[in-house]
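Structure record follows, encoded as C-alpha cells.
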Amino acid sequence: MLGRALPAQVADSARVGATTQPAQHDTGRVIPDSLTRPPITPKRALLQSLLIPGWGQASLHRSTAGAIYAAVEMTSIAMLVQSRRELRDARAASRDSVLGDGGVYVANPLATQIDPRRQAVEDWTAMLIFTHLFSAADAFVAAHLWDVPVQVRGHATTQQAEVSARIEW
C-alpha cells in the first residue's frame, strides 16, 4: 500500500517526460494536438518572415497579416527602385548645364536634388529592413501564442469607438 501512487498525485513531467495526451480545458472537452500546436515552429516562422515578409504569417493561417506585410514589402521595393532611378538621373544632371535666362548656360537645377534623393533611397532601404525584422518578430510571437484563445469585440457609435479583448489563461 505504501508503494502505490495516489489518484491525486501527478508525475513530474521534467523527470518523466511530457505526456502525449491531448490538452484539456476547463470545459472538459478534449482538444486534438493538431489544434494546440502551430503548423510551423516559432523558429521556422521567424526565418520564413525574415526571408519574405508575410510568409511566416501565411504559414500560420494569418492571411490578412501576411498580405499586409507582403504589400508593404512590394511597395517599398517599388519605391526604392524609383528613388534609385531618380538619384541616378540627378547625378547625371549634375554634369550638365542648361540654357538659362538671357542665353547664359547655368547648372542644371536637377543637380540640387542629389541629397534629397539620396535620403529617399536611404529611407526606403530602412523601411525594407524594418518590414523584414517586424514581420519576423510578429510571426515568431504568433507561433508562440498559437493556442491562446482570444476574443476581440468592437462597438462603435457616432461619437466613440470601443474595442475589448478577452484572453483566457
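The values are calculated or read from the model by the stated rules, or taken from the named source; none is laboratory data. Owing to the predicted nature of the structure, the values given are computational and were not obtained by experimental measurement. Cβ coordinates were reconstructed from backbone atoms using ideal geometry, including for glycine residues, and neighbour counts include every protein chain displayed.
Those strands (runs of 3 or more DSSP E) of the range 60-169 in which 1 or more residues are of a type in the set (S, T, N, Q) and over 30 Å from Gln48 (Cβ atoms) occupy 97-99, 161-167. It is to be established whether one or more residues within the range 51-66 are in contact with a Leu (Cβ under 7 Å, 6 or more places away or on another chain), within 27 Å of Glu168 (Cβ to Cβ), hydrophobic (A, V, I, L, M, F, W, C) and modelled with pLDDT of 60 or more. Taking every residue of the range 51-66 in turn, none turns out to be in contact with a Leu (Cβ under 7 Å, 6 or more places away or on another chain), within 27 Å of Glu168 (Cβ to Cβ), hydrophobic (A, V, I, L, M, F, W, C) and modelled with pLDDT of 60 or more. Of all residues in the range 32-50, those that are hydroxyl-bearing (Ser, Thr, Tyr), part of a helix (DSSP H, G or I) and modelled with pLDDT of 90 or more total 1.
Against the list (1) surrounded by 10 or more Cβ atoms within 10 Å (Cβ to Cβ); (2) touching a residue at least 12 places away in the same chain (Cβ under 8 Å), the condition Val152 fails is (1).
Within the range 65-74, is even one residue surrounded by 12 or more Cβ atoms within 10 Å (Cβ to Cβ) and either in contact with an Asp or Glu (Cβ under 6 Å, 6 or more places away or on another chain) or more than 30 Å from Pro39 (Cα to Cα) (or both)? So far as the range 65-74 goes, no, none of its residues is surrounded by 12 or more Cβ atoms within 10 Å (Cβ to Cβ) and either in contact with an Asp or Glu (Cβ under 6 Å, 6 or more places away or on another chain) or more than 30 Å from Pro39 (Cα to Cα) (or both). Evaluating His132 against the criteria (1) at pLDDT below 80; (2) surrounded by 14 or more Cβ atoms within 10 Å (Cβ to Cβ); (3) under 28 Å from Pro38 (Cβ atoms) leaves one unmet condition, (1).
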